[in-house]
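Undergrad: This structure is in structure tokens; I'll ask about it shortly.
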Amino acid sequence: MIRRFFATAAAVIAASSLLTAPAEATTGRYLALGDSVAFGYRPDAGADYSNASNFRGYAEKYASLRGLRLANASCPGETTGSLLKVSAPSNGCENGYRLAYPLHVSYPGSQIDYAVRYLRAHRDTRLVTLTIGANDMFLCRDTTPDQCTGPDFQIALGQVSRNLAAILGAVREQYRGDLVLVSYYSLDYRDPAQVAQVKAINAALTQVTRRYHGKIADGFTAFFLASLRAGGDPCAAGLLIKLPTGACDVHPSAAGHRVLELALAHTA
């Protein structure tokens with residue numbers, strides 16, 4: 001375990017050197033899928049939510065680094081279910097954000113339908129990334145008697161795994177290139193219960209992703225390493241968006257997205 005920890009730390013440090021070098025003169029396209037983390041959402045965008053370019057996350061940063069043409073189809077509040085079918089419950093995508101504000105790219109129907117059409121039309125796609133699953137667990141927390149801490153947590157994980165298999169299966173029918181899941185970070189590495197839940201979610205997502213020959217960008221470890229200077233508190237380390245109350249939102253700050261970009265740069 002100690003050896004693995006230092007190996008991961010060394011990899012993240014090595015990846016950070018990539019971000020200080022000039023962008024490579026590459027060509028090709030990059031399709032980003034997922035939820036508000038992939039979207040680059042932040043609650044402090046002011047009144048101009050009507051301009052999607054105000055939101056720039058790890059996908060935009062990585063595309064700029066590698067000279068890739070990005071299509072970011074993610075939607076704040078997307079669940080694994082609503083990514084597959086717009087009538088499925090979301091945590092504020094189809095029934096909220098998408099009705100009121102533009103996404104980075106406009107499309108009818110579900111996110112997976114767009115992904116399939118995009119991959120059919122653009123055979124020069126070099127990378128597909130995905131961050132999805134957290135909103136399923138938020139819905140589970142809000143709609144179950146045990147707030148998704150007992151058997152309902154395992155039921156929700158099982159549904160997330162099945163939905164993710166359908167998502168990745170649809171992607172792989174059209175695309176054989178690099179497919180990367182960007183894993184979730186903990187909001188507080190000092191909280192064993194919270195860390196255990198995030199690890200369980202990431203483990204389920206990882207198992208399915210590897211079944212479809214995908215890679216894992218280890219956002220969990222990258223955030224942990226970056227928060228060590230604050231004792232394992234990503235909020236105090238500046239990795240999460242600061243709220244006027246002094247607490248932090250669940251979404252990454254610009255610094256947090258840079259950490260996720262590091263994890264992606266090491267993997268993709």
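Undergrad: Looking only at helices (runs of 4 or more DSSP H) that fall completely inside the range 1-116, which ones have 1 or more residues that are touching a Ser or Thr at 6+ places or on another chain (Cβ under 7 Å), at pLDDT 95 or above and of a type outside the set (Ser, Thr, Tyr)? Please lay out each step first, then the result.
TA: Working: elements: 2-18, 36-39, 58-66, 80-84.
Output list reads 36-39, 58-66, 80-84.
Undergrad: From the list Asp136, Asp146, which one is modelled with pLDDT of 95 or more, farther than 17 Å from Leu260 by Cα and acidic (Asp, Glu)? Can you show your working first?
TA: Values: Asp146 fails: modelled with pLDDT of 95 or more.
It is Asp136.
Undergrad: Moving to a separate point now. For the range 177-190, does any single residue satisfy the condition of being free of Cβ contacts under 8 Å to residues at least 24 places away in the same chain and out of contact with any Gly (no Cβ under 8 Å at 6 or more places or on another chain)?
TA: No, because not a single residue in the range 177-190 is free of Cβ contacts under 8 Å to residues at least 24 places away in the same chain and out of contact with any Gly (no Cβ under 8 Å at 6 or more places or on another chain).
Undergrad: Would you mind finding the one in Gly57, Gly133, Gly109 that is out of contact with any strand residue (DSSP E or B) (no Cβ under 8 Å at 6 or more places or on another chain), closer than 27 Å to Gln159 by Cβ, among the small types (Gly, Ala, Ser) and crowded, with 16+ Cβ neighbours inside 10 Å? It would help to see each step written out before you state the result.
TA: On the way: Gly57 fails: out of contact with any strand residue (DSSP E or B) (no Cβ under 8 Å at 6 or more places or on another chain); Gly109 fails: crowded, with 16+ Cβ neighbours inside 10 Å.
From the options Gly57, Gly133, Gly109, the qualifying one is Gly133.
Undergrad: Okay, moving on. Tell me yes or no: at least one residue of the range 242-251 is surrounded by fewer than 20 Cβ atoms within 10 Å (Cβ to Cβ), touching a residue at least 12 places away in the same chain (Cβ under 8 Å) and in contact with a Cys (Cβ under 8 Å, 6 or more places away or on another chain).
TA: yes
Undergrad: Moving to a separate point now. Inspect the range 118-133 for any residue being outside any helix (DSSP H, G or I) and aromatic (Phe, Trp, Tyr) and give the result as yes or no.
TA: Of the residues in the range 118-133, the ones outside any helix (DSSP H, G or I) are 122-133.
Next cut, aromatic (Phe, Trp, Tyr) only: none.
Within the range 118-133 (the criterion being outside any helix (DSSP H, G or I) and aromatic (Phe, Trp, Tyr)), the answer is no, since none of the residues qualifies.
Undergrad: Going by what's in this entry, would Cys148 be described as farther than 24 Å from Ala217 by Cβ and either in contact with a His (Cβ under 7 Å, 6 or more places away or on another chain) or buried (at least 21 other Cβ atoms within 10 Å of the Cβ) (or both)? Steps first, please.
TA: Values: farther than 24 Å from Ala217 by Cβ: yes; either in contact with a His (Cβ under 7 Å, 6 or more places away or on another chain) or buried (at least 21 other Cβ atoms within 10 Å of the Cβ) (or both): yes.
So Cys148 fits the description; yes.
Here is a yes/no grid of residues against (1) farther than 21 Å from Tyr184 by Cα; (2) under 15 Å from the mean Cα position of the chain (by Cα); (3) buried (at least 24 other Cβ atoms within 10 Å of the Cβ):
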position: Tyr49; (1), (2), (3): yes, no, no
position: Tyr62; (1), (2), (3): no, yes, yes
position: Lys85; (1), (2), (3): yes, no, no
position: Gly92; (1), (2), (3): no, no, no
position: Ala100; (1), (2), (3): yes, no, no
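The values are calculated or read from the model by the stated rules, or taken from the named source; none is laboratory data. This one's a predicted model, so the numbers in the text were calculated from it and none came from an experiment. Reconstructed Cβ throughout: ideal geometry from the backbone, glycine too, with neighbour counts over all protein chains shown.
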